[in-house]
């Protein structure tokens with residue numbers, strides 16, 4: 001009975017963390033203490049991976065290094081087009097398209113962008129490359145030789161990072177947009193060519209009252225995601 005009660009309690013904690021986690025789009029300027037970051041990363045290191053390959057590696061910036069990266073990234077975005085290491089979706093359709101549109105509408109409504117205001121929408125889009133004002137960014141890469149499965153394992157690690165951050169009171173947003181510039185990232189940080197950029201995570205502490213943090217996305221039901229076969 002004690003084991004069952006403990007399991008139920010653990011599940012309730014996990015459910016609460018999942019229910020309260022969100023993608024932060026407005027950060028306070030204060031830095032995260034190094035010991036907090038190390039605790040966060042030690043926890044996430046327990047993420048599952050195929051044959052325990054643990055293909056993920058991170059570069060994490062703080063202070064002036066974050067500003068240097070942000071400034072350089074904005075220049076590249078304004079002048080260059082690069083191809084991501086992993087192709088982006090060919091198209092969004094069906095439920096995926098509907099969910100994407102819903103999330104965009106929620107964001108625009110939260111920050112007061114009127115429907116059809118492309119100039120304001122473009123300004124909000126550029127916040128991705130300003131790191132939403134975050135004091136830190138983590139660049140997350142995988143081993144090229146492990147292919148898509150290395151990327152899948154790294155995705156599991158990213159999900160674990162996001163939940164561990166929530167448990168520690170950290171705010172995060174996983175960003176595919178920054179992965180559009182892998183050549184710049186490798187050059188900027190001196191990464192080997194066999195490291196493939198999966199995504200970035202801007203992180204820190206949420207800015208209280210920031211309008212972009214004022215909405216929460218919805219989730220489909222279990223029956224929308226699962227086909228049941230048999231009893």
Worksheet item: Using alpha carbon centroids, what distance separates region 20-56 and region 165-219, in Å?
Response: 11 Å
Worksheet entry | Förster radius 45 Å - calculated FRET efficiency between residue 30 and residue 231 (Cβ-Cβ, nearest 0.05) | 0.25
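Does region 114-231 come out rounded, prolate or oblate, given a ≥ b ≥ c as the square roots of the eigenvalues of its C-alpha gyration tensor, rounded meaning a/c under 1.5 and, failing that, prolate meaning a/b above b/c?
Numbers: a/c = 1.57, a/b = 1.01, b/c = 1.55.
It comes out oblate by the Cα gyration axes.
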Discussion item. Suppose we keep just the DSSP beta bridges with both residues in the chain; what percent of those would be antiparallel, to 5?
Written reply: 95 percent
Discussion item. Quick check: Cα centre of region 114-137 to Cα centre of region 149-164, how many Å?
Written reply: 25 Å
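What is the chain by shape, rounded, prolate or oblate, if you read a ≥ b ≥ c off the alpha carbon gyration tensor as root eigenvalues and call it rounded for a/c under 1.5, prolate for a/b larger than b/c, and oblate otherwise?
Numbers: a/c = 1.33, a/b = 1.17, b/c = 1.14.
Since a/c stays below 1.5, the shape of the chain is classed as rounded.
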Discussion item. Can you tell me how region 128-177 classifies by the Cα gyration tensor, rounded, prolate or oblate, using a/c under 1.5 as the rounded cut?
Written reply: oblate
Practice prompt. Mind checking the full-extension length gain between residue 148 and residue 222? Use 0.36 nm per residue of separation minus the Cα-Cα distance, one decimal, nm.
Written response: 24.0 nm
Fill in: Under 19 Å from the residue 52 label point (7 Å along Cα→beta-carbon), backbone N, region 145-176
150, 153-154, 156-157
Worksheet item: Based on Cα positions only, what radius of gyration and what Dmax would you give for region 12-119, in angstroms?
Response: 18.6, 49
Practice prompt. Please work out how much length the chain gains when fully extended from residue 15 to residue 110, using 0.36 nm per residue of separation minus the C-alpha to C-alpha distance, in nm with one decimal.
Written response: 31.7 nm
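Any read-out appearing in this document is the output of simple, stated calculations on the displayed coordinates, not a laboratory observation. The structure presented is a predicted model; accordingly, all values stated were derived computationally and were not measured. Methodologically, a virtual Cβ is constructed for each residue, glycine included, from the backbone with ideal geometry; neighbour enumeration extends over all protein chains shown.
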